[in-house]
Amino acid sequence: MNYVSTRSGAAGVRASQAIVAGLAPDGGLYVPESFPAFSLRAVQGMAEKPYADRAREVLAAYLTDFTADELQAAAESAYARFDGPPAPLKDVEDLHVLELWHGPTHAFKDMALQMLPRLMPLAMRKTGVDKQVFILVATSGDTGKAALEGFAGVAGTQVGVFYPVDGVSPAQKLQMITQEGDNTHVCAVRGNFDDAQTGVKRIFGDADMARALAEKGVELSSANSINFGRLAPQVAYYFSAYADLLKKGAIALGDEVNFCVPTGNFGNILAAYYAKRMGLPVGKLLCASNANNVLFDFIEQGVYNANRPFHKTTSPSMDILVSSNLERLLFELCDRDGALVSSWMQALKSGGRYEVGEKVCRALRESFAAGWADDEKALGAIARVYDACGYTMDPHTAVAWSVAENYRSVTGDRRPMVVVSTASPYKFSRSVLTALRGAEAVEALDEFACADALEKVCGLPMPASLRDLRAKPRLHNDVVDPAAMADEVCRWVG
Ligand SMILES: *Cc1c(COP(=O)(O)O)cnc(C)c1O
């Protein structure tokens with residue numbers, strides 16, 4: 001299997017090359033030349049297998065220059081770091097909730113960011129890269145910690161993370177600034193996530209910077225979901241969810257299942273689309289947004305318009321106006337016309353807006369539906385579901401829950417619905433406790449008191465690594481303007 005760029009028809013590269021590079025040289029994203037097919041029988045076979053085996057089977061179809069043994073060993077050691085089954089499926093009222101936050105940093109990013117650091121050294125060896133790989137990350141909160149945790153101590157790599165200074169939750173920030181490890185770097189950016197992401201993209205596109213780094217024996221790569229090595233492990237949990245529905249008798253083999261995904265950079269839901277293209281019986285993919293509903297408007301109208309107010313919400317990991325991975329979907333929907341994708345991305349860069357036309361719109365709406373929920377709706381859903389059955393959701397999951405419920409009542413679509421749950425409630429204790437106990441009860445409490453109070457209310461044990469944050473030294477305290485990000489990277493590289 002070779003990988004091609006979404007922006008050109010240039011000859012493909014191998015999976016290991018796509019993983020080491022992160023971004024294609026023309027600024028596009030790497031995508032597989034074709035979608036590997038999975039038979040229903042293969043899906044059925046997964047029902048009796050542990051998660052690591054399910055993941056290895058999906059990865060083997062994409063990462064064809066890795067051996068089955070390499071992928072199996074990587075998956076086993078990655079998912080051994082989870083506090084139980086990595087992707088359990090819970091029945092909550094008449095929906096199914098796919099919990100993807102049982103990894104070391106308690107957000108779904110661990111599903112891929114425990115795998116990528118295990119794939120990267122293998123990929124470097126396969127491509128003959130003997131340089132240091134510097135993993136540069138822009139984060140809306142969860143990717144940063146997951147990348148730091150994944151790459152800390154991995155030989156031949158360094159990892160540097162930029163986060164928006166006031167754009168992450170207190171727990172997310174503490175997780176990052178207390179990160180230990182000689183090869184880890186963290187810095188706040190004055191601005192929002194889009195400013196941080198744009199700054200990182202600028203560094204990737206900076207030829208002088210690349211030359212200066214090359215002289216020092218350093219090559220940049222990405223752990224953001226623009227890296228195909230992030231995307232591939234995410235495809236696996238959609239297969240896993242389907243296999244678990246089969247196993248518990250909730251569906252028969254071949255029945256279509258809908259997935260509702262709380263969406264920011266469009267990586268998670270894109271993985272669901274890949275699963276569908278591989279033959280998994282998927283009905284509708286519901287793209288759930290918060291008040292930053294640029295994707296909702298796009299799916300409804302075919303116009304992507306990032307020129308709009310940026311809202312800070314209780315689901316900060318979805319506070320994004322420019323969703324990078326949408327580019328990969330557009331490439332598929334326009335029959336892989338790289339020149340057309342390029343023109344849209346150029347228009348986005350220069351004017352913040354592009355329009356895809358009726359044909360692409362129709363293809364889009366065949367697979368996708370969209371909805372959005374503001375903070376009030378999301379926090380309302382947390383309270384309602386908790387009162388009804390004692391299940392506690394984080395605010396991102398609650399956005400998806402609210403959108404899924406609304407979709408079902410409006411459309412009457414009764415196919416089984418899986419709501420993808422992306423974070424532990426303890427990463428957003430204040431918001432969750434506010435939903436359950438009201439703003440006044442929370443006002444006087446600091447972040448840790450909120451977490452303690454939440455533990456008494458929701459009964460879910462607080463993860464030890466989050467409890468331990470209060471005592472950890474704050475190691476990374478730099479704050480820079482977006483224009484100074486490149487200098488910061490130079491300092492890190494030394
Ligand atoms: C990253 C993240 C999302 C958004 O996922 P994308 O792949 O960027 O669409 C949603 N919820 C949480 C908790 C996240 O960390």
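The values are calculated or read from the model by the stated rules, or taken from the named source; none is laboratory data. All figures in this text were calculated on a predicted structure; none of them were measured in a lab. Quick reminder, even Gly has a Cβ in these numbers, built from the backbone with ideal geometry, and neighbours come from all protein chains shown. Just so you know, the surface numbers come from the protein's heavy atoms only, side chains and all, with ligands and any DNA or RNA stripped out. Shrake-Rupley method; radii C 1.70, N 1.55, O 1.52, S 1.80 Å.
Structure above, values below:
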| read-out | value |
| --- | --- |
| Breaking point among (1) assigned to a helix (DSSP H, G or I); (2) under 30 Å from Arg415 (Cβ atoms), for Ala87 | (1) |
| Sole exception among (1) of a type outside the set (Ser, Thr, Tyr); (2) under 18 Å from the mean Cα position of the chain (by Cα); (3) open to solvent by 30 Å² or more (accessible area, probe 1.4 Å) for Leu59, by number | (3) |
| Subset of the range 131-170 (residues that are within 18 Å of the chain's Cα centre (by Cα) and either in a helix (DSSP H, G or I) or among the acidic types (Asp, Glu) (or both)) | Asp142, Thr143, Gly144, Lys145, Ala146, Ala147, Leu148, Glu149, Gly150, Phe151 |
| From the options Ala138, Ala112, Ala123, residue that is of a type outside the set (Lys, Arg), surrounded by 21 or more Cβ atoms within 10 Å (Cβ to Cβ) and near the ligand (Cβ under 10 Å from one of its atoms) | Ala112 |
| Restricting the range 301-337 to residues that are among the hydroxyl-bearing types (Ser, Thr, Tyr), surrounded by 23 or more Cβ atoms within 10 Å (Cβ to Cβ) and out of contact with any Gly (no Cβ under 6 Å at 6 or more places or on another chain), the residue that is farthest from Arg365 (Cα to Cα) | Thr314 |
| Long-range neighbours under 6 Å by Cβ, at least six apart or interchain, first residue closer than 19 Å to Ala223 by Cβ and touching a residue at least 12 places away in the same chain (Cβ under 8 Å) within the range 163-180, second among the charged types (D, E, K, R) and buried (at least 19 other Cβ atoms within 10 Å of the Cβ) | Gln175/Lys145; Met176/Lys145 |
| Top-ranked residue of the range 203-231 - restricted to ones that are of a type in the set (D, E, K, R) and not in a loop (DSSP other than H, G, I, E, B), ranked as least open to solvent (accessible area, probe 1.4 Å) | Arg230 |
| Among (1) of a type outside the set (D, E, K, R); (2) within 16 Å of the ligand (Cβ to nearest atom); (3) free of Cβ contacts under 8 Å to residues at least 60 places away in the same chain, the one test that Gly249 misses | (2) |
| Any hit, the range 430-450, residues being of a type in the set (Ser, Thr, Tyr) and at pLDDT 95 or above | yes |
| Within the range 379-436, tally of residues that are away from the ligand (no atom under 16 Å from the Cβ) and either within 28 Å of Pro104 (Cβ to Cβ) or open to solvent by 10 Å² or more (accessible area, probe 1.4 Å) (or both) | 25 |
| Any hit, the range 322-342, residues being touching a His at 6+ places or on another chain (Cβ under 8 Å), within 15 Å of the ligand (Cβ to nearest atom) and part of a loop (DSSP other than H, G, I, E, B) | no |
| Matching residues in the range 281-300 - criterion: being part of a loop (DSSP other than H, G, I, E, B), crowded, with 24+ Cβ neighbours inside 10 Å and touching a residue at least 60 places away in the same chain (Cβ under 8 Å) | Asn290 |
| Residue count, the range 252-272 (criterion: surrounded by 15 or more Cβ atoms within 10 Å (Cβ to Cβ), free of Cβ contacts under 8 Å to residues at least 60 places away in the same chain and away from the ligand (no atom under 16 Å from the Cβ)) | 0 |
| Answer from Asp244, Asp195 - the residue that is within 30 Å of Phe134 (Cβ to Cβ), open to solvent by 10 Å² or more (accessible area, probe 1.4 Å) and part of a helix (DSSP H, G or I) | Asp195 |
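To keep it simple, each residue is scored yes or no on (1) more than 28 Å from Ala138 (Cα to Cα); (2) buried (at least 16 other Cβ atoms within 10 Å of the Cβ); (3) under 23 Å from the mean Cα position of the chain (by Cα); (4) touching a residue at least 24 places away in the same chain (Cβ under 8 Å).
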| position | (1), (2), (3), (4) |
| --- | --- |
| Ser8 | no, yes, no, yes |
| Ser16 | no, yes, yes, yes |
| Val20 | no, yes, yes, yes |
| Gly28 | no, yes, yes, yes |
| Val31 | no, yes, yes, yes |
| Phe38 | yes, yes, no, yes |
| Arg41 | yes, no, no, no |
| Ala55 | no, yes, yes, yes |
